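Take a look at the structure below.
The values are calculated or read from the model by the stated rules, or taken from the named source; none is laboratory data. Every value quoted in this text rests on a predicted model; they were computed, and no experiment measured them. Note: ideal-geometry Cβ built from the backbone for every residue, glycine included; neighbour counts use all protein chains shown.
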Amino acid sequence: MTSIDTEKKAPSQKSLRGRTLYIPRMSVDGAAAIAAVFRSIGVNGQLAPASNAHSLELARQYTNGEECYPQIVTLGVFLKVIEDENFDPQKTAFMMATANGPCRFGQYKNLLEKILAEKGLDDIMIVSPNSEDGYDDLGDRANHLRRLGWWGVICADGLRKLLLQTRPYELNSGDTDKVHTESLKLLCGVLERADLVMKEKFKRLIQVMEVIKTKFEKIPANYTKDKPLIGIVGEIYCRLDDFSNAYLIKRIEKFGGEVWLASIGEWVFYTNFMNRLDLKQHGRQFSKSMLGTVIKNKIQQMDEHKLLSPLHDRFVGYEEPETTQRVVEHAKPYLPFCGALGEMVLNVGGAIYFYEKGADGIIDISPFTCMNGIVCEAIYPKMSEEHNKFPIRSFYFDGTESDYDRDVEIFLELSGTYQRRKKKVRIYPKHFLSQSFLNCEHQ
């Protein structure tokens, strides 16, 4: 199966050939991995510029505040690309996914197209997984784009998890970020190679994940058991982009916490789950479509298991849910998954999953006025009361200033109190077995 639209290309359809494809930073590791995947098929995939106050200012000129905050953030970085003196619209493409439903995410692409048209920049290509993107002329190199993209997402999820699991305990500030940067370069170096067949590339990725694990293990660190573990759920872009959430994860670490961040992969497995459910509800339980969906999900699970197998020992106690069914069943008493859809189900179910794994608190990161965030915030008090008064806090972001340090510090105090009285036992990986494990190999 390929991710390429196989219909005959219309004469006016744009092509990716010869363009630079800019990918928004929905996590640096995830975006960098996807960019490398595109480079492997001959498309110059690159990270979109980093967001800053200037990019927000550019975007505010075309928005009125009713838009979802990630839409403003991504629009701003694309406008930064246009500002560059070497910018050429005929050699530029922007990645902007889209979706159906009531979420404002479905309007991101429409607004971007409207603004580009108003600026006379129709030559810029917008690449969306749900649109005809003109991959046809890339030939056989594009045939494995979807599966290779999945490998990139999974490896990036694993790398991000190592970063967040290690950085709060490092002895020398900056060591973990440095190793993360080096590791991401190694990962992308394999993903972008066009000379490797898929089977060989898969083997190389497993090998590079082993190398990455060793690099993280050598970071001088003191893995004590006194840091509260904070699970983070919420809107996928906002929780994964440091700029969009005002660097909330580093604030949590500054005040003595450790973060377990919901992955990108969970959304992919959720869409597979809902696709199967939809086929069942429409009487297509025994159909080719159902067979294809089941096979795809099974292959993706197997790929995930094999690619992250080198990290198994590091992730003891940090295991992701075995199935999406487990997550949605957790949410069912509050948001039945047959009626409530999308991130709100994953957030509520994911929060309870973190609770069961022994986490000490939950933070929900959402854009201001986010429908999913508002629904979840209404449910969290009851959920907390029914789960040993588990601390849960919603944070909303729109680019305005707030005293996040104060709010995070207060929440960490609540989480620390819960940690000392909680009933759920947290399982630690072996490098936590000693209360004062010290790795000084590189000192």
- prompt: (1) crowded, with 17+ Cβ neighbours inside 10 Å; (2) of a type outside the set (A, V, I, L, M, F, W, C); (3) assigned to a loop (DSSP other than H, G, I, E, B): which one isn't true of residue 304, the others all being true?
  reply: (3)
- request: State the number of residues belonging to the stretch 259-300 that are in contact with a Phe, Trp or Tyr (Cβ under 8 Å, 6 or more places away or on another chain) and not hydrophobic (A, V, I, L, M, F, W, C).
  value: 2
- prompt: Out of curiosity, is residue 415 crowded, with 24+ Cβ neighbours inside 10 Å, at pLDDT 95 or above and among the hydroxyl-bearing types (Ser, Thr, Tyr)?
  reply: yes
message: Going through 407, 403 one at a time, which residue ends up being surrounded by 14 or more Cβ atoms within 10 Å (Cβ to Cβ) and either under 25 Å from residue 367 (Cα atoms) or modelled with pLDDT under 95 (or both)?
response: 407
message: Could you check the stretch 14-72 and list, in sequence order, the residues that are touching a Lys or Arg at 6+ places or on another chain (Cβ under 8 Å), farther than 27 Å from residue 147 by Cβ and not β-branched (Val, Ile, Thr)?
response: 49, 50, 51, 54, 55, 58, 67, 68, 71
task: Determine which single condition residue 48 fails, assuming it passes every other condition in (1) surrounded by fewer than 21 Cβ atoms within 10 Å (Cβ to Cβ); (2) closer than 20 Å to residue 90 by Cβ; (3) not β-branched (Val, Ile, Thr).
output: (1)
task: Determine whether residue 294 is closer than 18 Å to residue 367 by Cα and among the hydrophobic types (A, V, I, L, M, F, W, C).
output: no
field: Matching entry among 166, 224, 176 (being touching a residue at least 40 places away in the same chain (Cβ under 8 Å) and closer than 19 Å to residue 319 by Cβ)
entry: 166
